[in-house]
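Here is the structure we will look at.
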Ligand code: C2E
Ligand code: CA
Ligand code: CA
Ligand code: CA
């Protein structure tokens, strides 16, 4: 037992060392990811549960490094958030996805909305609202086709500044969604006051819907809360027919997940939209 304990200790510290090294390698490479055109966006459809129609797509960042391979946004976005890089990367993603959606609209494809993830550092950047306005003006995309996804922990920060920024974005005609809803302890009063349009139920609860009573209760409560507050509600991470049936029964408005579509490259997404006409 003693020697296995020792091995475990050695194993752990080695792992930590590798993790620190990995973070350093990623950080230094991330600085060049934009100018080397290594970043891309994939699009995952959001579907109306009632009509089965695609109403929007979520833009998700991808980083293809020539040597390191595909690096998940779950790894590089948090690293970018620790530097000012998130502002540059976030702005690029916003511009690129607005431009792409507008292109599809111009081609006469289904006029879908795009949902773009926004980090707290971006929202706190003094110029954020102006940057968004400029992107809409430059790309010609009508603000009603843009939604910003903000995580629950940002939304519930007791900050007048954030409230002010969200109100300004809302006044521009942009819609706002609270992402990963249910994972933080929101003050319901705060949610009620926020100028948001949509709650996005975290996929963790969706995966537990059929076998975990607590997850089921949480999903029910979120859907009910959304209805009571006149907000739309979308479930992410829907992978099975059974999960879909449950959400249908509970009258969830929209769904997103592998059961319908995985995140698609620009050309695959365009093909899906083209086949709808
Ligand atoms: P998120 O915003 O909660 O995005 C949902 C994640 O779940 C995505 O992972 C998506 O590919 C994945 N997903 C969708 N449907 C299913 C499903 O049915 N089953 C399973 N198992 N997974 C599903 P992805 O693309 O790896 O993104 C991970 C996280 O990285 C995102 O979580 C978001 O927090 C962050 N992220 C991605 N792109 C951006 C971005 O452009 N900006 C910012 N700030 N964050 C981003
Ligand atoms: Ca999201
Ligand atoms: Ca989410
Ligand atoms: Ca998430």
I'd like to verify a number: residues in the stretch 46-62 that are near ligand 1 (Cβ under 10 Å from one of its atoms) and in contact with a helix residue (DSSP H, G or I) (Cβ under 9 Å, 6 or more places away or on another chain), how many? 4
So, first residue more than 18 Å from residue 167 (Cβ to Cβ) and touching a residue at least 40 places away in the same chain (Cβ under 8 Å) in the stretch 110-133, second residue in a helix (DSSP H, G or I) and away from ligand 1 (no atom under 16 Å from the Cβ), Cβ within less than 6 Å, six or more apart or across chains; the pairs are 110/273; 110/276; 113/145
Is it the case that some residue within the stretch 92-107 is closer than 30 Å to residue 158 by Cβ, in a strand (DSSP E or B) and at pLDDT 95 or above? no
Look through the stretch 232-247, keep the residues that are closer than 28 Å to residue 172 by Cβ and in contact with a helix residue (DSSP H, G or I) (Cβ under 8 Å, 6 or more places away or on another chain), and return whichever of them is farthest from ligand 4 (Cβ to nearest atom). 232
Checking the structure you have, find out if any residue of the stretch 209-227 is within 16 Å of ligand 2 (Cβ to nearest atom), touching a helix residue (DSSP H, G or I) at 6+ places or on another chain (Cβ under 9 Å) and part of a helix (DSSP H, G or I). yes
Keeping to the stretch 145-184, report how many residues are away from ligand 3 (no atom under 16 Å from the Cβ) and at pLDDT below 90. 4
Picked from the stretch 124-161 (must be away from ligand 1 (no atom under 14 Å from the Cβ), outside any helix (DSSP H, G or I) and in contact with a strand residue (DSSP E or B) (Cβ under 9 Å, 6 or more places away or on another chain)), the residue nearest to residue 234 (Cα to Cα) is 156
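The values are calculated or read from the model by the stated rules, or taken from the named source; none is laboratory data. Keep in mind that what you see is a predicted model, and the values were worked out from it rather than measured. When we count neighbours, we look across all protein chains shown, and the Cβ atoms used for this are built from the backbone with ideal geometry, even at glycine.
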